[in-house]
Amino acid sequence: MAQPNSLIFLPDISGFTDFVNSTESEHSQHIIAELLELLIDNEELDLTLAEIEGDAIFYYKYENVPSPEELFKQVKKMFVNFHSHLKLYEERRICQCGACCNASNLNLKFFAHAGALEFIKIKENTKPYGKDVIVAHRLMKNDVPIDDYLLISKGVFEAWGIDKINIEPELEGIKGQSEYDLGRVDYQYFELSPYKKYAKLPVPVISIKTNKALVKVSETISQAPQDLYEFVSNFDNRLKFSPGLDELEYQKGRVNRVGTKHTCVANNRQLEFETITNDFGDGKLVYGELTHDFPIIKDMVTYFVIEPDGEQSKITIEAHPQNHSFISKIASIFLKGVISKSIKTLISDLKSAVEKEKLIMQ
């Protein structure tokens, strides 16, 4: 007795292998993790997630194949939100590493196949199994000459009882076939680039007008500028050079960018910060944080300005009170000594932490 058709659906991030191999591994991992989570959050067909396979997600819907309308709606939603997220990287990145700069070049493709599903249980894990699972994965290696596309196998068309889709006027189906060890598989693929026009630009970031620095402290650190910038802007490192900090609350496994927020906890007091940046001139890497919770002053911007200094880096930490009232201006004058001492301690601890980290890495 023939088994009812089940859908196998595989969103796959195109360019993943080259992206990981040619860029900084930590940020590339964070970026791919964000994008995979975004795809999972945008799933609305009540699919079962079988497995995350590196750069792809293996979904299935047992003994059920959604309609063409439902499938294309799902693909469009995932695709548009994926490319909207890439625009966020492009518009709000603060890091100049290869991963952050090249994230916008990633693409997305989808594979849909229908057939019989069996299941295999290994200890406590139950996984889809059978010939059609193999066919679906073989289809990921094909002769389609574009990067952003939806590939629908003949098995899905047979489950729908049609041989052509006319519901999506923006996309044109092109017939194709590929030869595998299991034999020839026919399919149609649809270029998804027309959907890119629906990708949303991120909300413009309000530029911070920077007053004259209240305090500036500089130090030379034996580290390349980009590596030092990564160390400073990576929240995972913050407690290494902030001994007065009891706790740091932030979303782990995410790339820091303009608009990212974190909370510092010290002496039972919480201060919320938002990542910003600014232009301090050519050749300078700038990482900034804005808080509205600074004692008395309220609005305070702290900049870490990094520039080459021979084979080392010069880092300048600047405090910029955003004075809005007479009281905050007076407070800035009285607190200057305290802020200066705090920044001198911070930059000294930062230098020690970086040198210690280098010794560990060696």
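Computed from the coordinates by the stated procedures, all read-outs in this text should not be read as laboratory data. For clarity, every value in this text was computed on a predicted model and none was experimentally measured. Neighbour counts run over all protein chains shown; Cβ positions are idealised from the backbone, glycine included.
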> By the scheme Lys and Arg +1, Asp and Glu -1, what is the net charge of all other residues having a beta-carbon under 10 Å from that of Leu150?
Replying inline: -1
> Taking 0.36 nm per intervening residue step and subtracting the Cα-Cα distance, what contour gain separates Asn166 from Ala266 on full extension?
Replying inline: 29.9 nm
> Hey, which of these cross-link pairs are over 22 Å Cα-Cα: Lys87/Lys314; Lys212/Lys252; Lys61/Lys175; Lys127/Lys175; Lys87/Lys261?
Replying inline: Lys87/Lys314; Lys212/Lys252; Lys61/Lys175; Lys127/Lys175
> Lys209 label point, 7 Å along Cα→Cβ, cut-off 13 Å on backbone N: hits in the stretch 303-329?
Replying inline: 322-325
>> What does the C-alpha gyration tensor say about the overall shape of the stretch 250-295? Classify as rounded when a/c is under 1.5, otherwise prolate if a/b is larger than b/c, or oblate.
In response: oblate
> What's the longest piece of the chain with no exposed trypsin sites (Lys or Arg not before Pro), counting a site as exposed if DSSP puts it in a loop and it has at most 12 other beta carbons within 10 Å?
Replying inline: 1-122
>> Which of Asp282, Asp147, Asp41 has the fewest other C-beta atoms within 10 Å, and how do the rest follow up to the most?
In response: Asp282, Asp41, Asp147
> The list [x] 26.6, 106; [y] 24.6, 82; [z] 25.9, 85 gives values of Rg and Dmax of the Cα atoms in Å, and only one came from this structure; which label was calculated from it?
Replying inline: [z]
>> If you restrict to DSSP beta bridges whose two residues both lie in the chain, what percentage is antiparallel, to the nearest 5?
In response: 95
>> Can you give the FRET efficiency to the nearest 0.05 for Leu182 and Val258, using r as the Cβ-Cβ distance and R₀ = 56 Å?
In response: 0.70
> Exposure proxy check: Glu274, Glu172, Glu230 ranked by fewest other beta carbons within 10 Å?
Replying inline: Glu172, Glu274, Glu230
> Can you give the FRET efficiency for Glu118 and Leu239, using 1/(1 + (r/R0)^6), R0 = 51 Å, r = Cβ-Cβ distance, to the nearest 0.05?
Replying inline: 0.55
